[in-house]
1. Determine, yes or no, whether residue 44 is hydroxyl-bearing (Ser, Thr, Tyr) and more than 23 Å from residue 66 (Cβ to Cβ).
2. Can you pull out the residues in region 66-95 that are surrounded by fewer than 20 Cβ atoms within 10 Å (Cβ to Cβ), assigned to a helix (DSSP H, G or I) and on the phi < 0 side of the Ramachandran plot?
3. Where residues in region 97-138 are within 14 Å of residue 63 (Cβ to Cβ) and of a type in the set (Gly, Ala, Ser), which of them is surrounded by the most Cβ atoms within 10 Å (Cβ to Cβ)?
4. Which residue, of 5, 14, is hydrophobic (A, V, I, L, M, F, W, C) and loosely packed, with under 13 Cβ neighbours inside 10 Å?
5. State which residue is nearest to residue 59 (Cα to Cα) when the search covers only region 17-38 and only residues that are touching a helix residue (DSSP H, G or I) at 6+ places or on another chain (Cβ under 7 Å) and surrounded by 15 or more Cβ atoms within 10 Å (Cβ to Cβ).
6. Taking the criterion of being out of contact with any His (no Cβ under 6 Å at 6 or more places or on another chain) and farther than 29 Å from residue 118 by Cβ, would at least one residue in region 37-46 satisfy it?
7. Show the residue pairs that are 6+ apart or on different chains and have beta-carbon atoms under 6 Å apart, the first residue being within region 99-117 and closer than 29 Å to residue 28 by Cβ and at pLDDT 95 or above, the second being surrounded by fewer than 14 Cβ atoms within 10 Å (Cβ to Cβ) and acidic (Asp, Glu).
8. Can you give me the number of residues within region 1-42 that are in a strand (DSSP E or B), in contact with a Phe, Trp or Tyr (Cβ under 7 Å, 6 or more places away or on another chain) and in contact (Cβ under 8 Å) with a residue 24 or more places away in the chain?
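The values are calculated or read from the model by the stated rules, or taken from the named source; none is laboratory data. As the structure is a computational prediction, the values presented were derived from the model and not from experiment. No Cβ is skipped: glycine too gets one built from the backbone with ideal geometry, and neighbour counts run over all protein chains shown.
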Amino acid sequence: MSADAPFPIVDSEAGWVKEQIDEYVATEGREPKFRYGAPLVLITVKGRKSGKWLRTCLIGGSDGSDVIVVASKGGAESHPVWYLNIEANPRVWVQQGADTFWTVARTANAEEKPRLWDKMVGLYPDYTDYQKKIDREIPVVILTRE
């Protein structure tokens, strides 16, 4: 499937994230490599204020056909903007490797989260340290294909 989204995309303004996105798109997800070899995905979410489609690069795990991402923001006390946007607009465009598809996002519930959290910590152990240093509970997000 083509990586071309059916709408205009605005990439993250953070320089290093923009570089990750460009490299990911150019190599259909084969690059860049992230710490610990954690797999990456691109998500594009509709801005709750701007209405624009905003793309970022995240560590992405799999659970069956679902894509799993963590709203860690590097262990910051506030949620990442992309998470606030999916709370308002849960329809998310995902690129996983060369494949692109629509998903519906939801936050893992208390029953689901421990298993999915452990799976994501297995991909990126720093999540544990992030959670220890902040008061907010870091959400795990499930992206289910439409």
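1. No.
2. 81, 84, 87, 88
3. This residue is 105.
4. Result of the check over 5, 14: 14.
5. Restricting to residues being touching a helix residue (DSSP H, G or I) at 6+ places or on another chain (Cβ under 7 Å) and surrounded by 15 or more Cβ atoms within 10 Å (Cβ to Cβ), the top hit is 38.
6. Yes: one or more hits.
7. 102/146
8. Result for region 1-42: 3.
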